[in-house]
Amino acid sequence: MSDGRAGTATVEDLDVRLEKHRVELTGYCYRMLGSSFEAEDAVQDTLVRAWRSYDKFEGRSSLRSWLYRIATNVCLDMLAAGNKRARPMDLSESTPLAQAALSPRPDHTWLEPMPDARVLPTVEDPADAAIAKESVRLAFMATLQQLPPKQRAVLILREVLAWKASEVAELLDTSVASVNSALQRARATLAERADAQGAGAAVSNPLDEEQQKLLDRYVAAFEGYDMTALTALLHEDAIMTMPPFDLWLTGHDDIAGFMTTLGSACEGSRLLPVQVNGLPGFAQYKPDPEEGGYTPWSIQVLEISDGRLTGFHFYLDTQRWFPLFGLPLHLDGKSDEIEQGA
């Protein structure tokens, strides 16, 4: 945190200096809020506030620290209503296939996906890159949402961004003892949820050869709608979710059964790779019977452990997610590749 104020900046210079922090601030706000779009709104608000009040910035801290102070206050204000974003399995029990029904809940209920490029700054140290990816994975994000807002901020700043306790105390206008206490309580909550949930997704950074082969087999099975092949890739306790629907399924038999009944319209889909929440994922396009080609259906986020798929999560609000990932809202049936702008 060394980029202190360097004299009076021109408007253009200040815009450039503020903008270079956008990705890391978006990552911070996303971890705080659990929402892709709220995070981007929070960062925009942060940069506007910084721009308007820059003449009051005295340079006693770095520009980066000052921006994080503003962003933290913006997020805490947004979290004042007490809403906690979640995954379907955080809200209800698994539904047997025989009782499966697609019941949507409001958008603000759900933990939302996020393209890696919008929240993970480029870093040279592989260890730092791995920590950053792990800190936006869905399971970790869901646990963050269970923490009180200030504990959440402390945990992110200390554990993910490696700030010193004294720096966090200064940012939050509190004592080092208070920061250490909040961190201890946050760690305890994480440990409890980790014990309750069991092992998380063990995904290498980058994907190792076996994991890449697993994904290749998954694409072939899904695009070929080969349920035998797909079942062979799933852990016996694999989980499938489909926000905004609160239904979630567990076990490869129920998942395969769903795919051939309520989910049968996915047959003939195409999958295009995306980088999402530090995990492998795909943009799923299913056949468009009206216009031909393919129409968006979901952003898939996959979790891998011990050589099997342990979770795959379908985010179905395509009018929101596909533009966020820089993906087109229609695919020509003849095109083999597209360029992604995310």
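The values are calculated or read from the model by the stated rules, or taken from the named source; none is laboratory data. The shown structure was predicted, so the numbers you read here are calculated from the model rather than taken from an experiment. FYI the Cβ positions are ideal-geometry reconstructions off the backbone, even for glycines, and counts take in every protein chain you see. For accessibility, only protein heavy atoms count, side chains too; no ligands or nucleic acids. Shrake-Rupley method; radii C 1.70, N 1.55, O 1.52, S 1.80 Å.
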Looking across segment 137-155 at residues that are in contact (Cβ under 8 Å) with a residue 40 or more places away in the chain and over 15 Å from Pro88 (Cα atoms), the single one that is most open to solvent (accessible area, probe 1.4 Å) is Lys150
Val219 fails exactly one of (1) surrounded by 12 or more Cβ atoms within 10 Å (Cβ to Cβ); (2) at pLDDT 95 or above; (3) more than 21 Å from Ile299 (Cα to Cα), namely (3)
When (1) open to solvent by 30 Å² or more (accessible area, probe 1.4 Å); (2) closer than 30 Å to Glu236 by Cα; (3) at pLDDT below 95; (4) in contact with a Phe, Trp or Tyr (Cβ under 7 Å, 6 or more places away or on another chain) are applied to Gly333, the one that fails is (2)
Among residues of segment 261-291 being under 13 Å from Ala221 (Cβ atoms) and not in a strand (DSSP E or B), the residue most open to solvent (accessible area, probe 1.4 Å) is Glu267
Leu230 vs (1) of a type outside the set (Val, Ile, Thr); (2) modelled with pLDDT of 95 or more; (3) in contact with a Leu (Cβ under 6 Å, 6 or more places away or on another chain); (4) surrounded by 20 or more Cβ atoms within 10 Å (Cβ to Cβ): all pass except (3)
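If we scan segment 301-318, do we find a residue that is more than 26 Å from Leu207 (Cβ to Cβ) and either outside any strand (DSSP E or B) or open to solvent by less than 10 Å² (accessible area, probe 1.4 Å) (or both)? Reasoning before the result, please.
The initial filter retains those residues of segment 301-318 that are more than 26 Å from Leu207 (Cβ to Cβ), namely 317.
Those still in the list that are either outside any strand (DSSP E or B) or open to solvent by less than 10 Å² (accessible area, probe 1.4 Å) (or both) too: 317.
For segment 301-318, residues more than 26 Å from Leu207 (Cβ to Cβ) and either outside any strand (DSSP E or B) or open to solvent by less than 10 Å² (accessible area, probe 1.4 Å) (or both): present.
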Within segment 221-248, the residues that are closer than 19 Å to Ala86 by Cβ and touching a Gly at 6+ places or on another chain (Cβ under 7 Å) are Ile239
Flagged in segment 246-276 as within 24 Å of Met141 (Cβ to Cβ), at pLDDT 95 or above and touching a Pro at 6+ places or on another chain (Cβ under 6 Å), in numbering order, are Trp248, Val276
Within segment 167-189, the residues that are part of a helix (DSSP H, G or I), more than 14 Å from Leu147 (Cβ to Cβ), free of Cβ contacts under 8 Å to residues at least 12 places away in the same chain and not polar (S, T, N, Q) are Ala169, Val176, Ala177
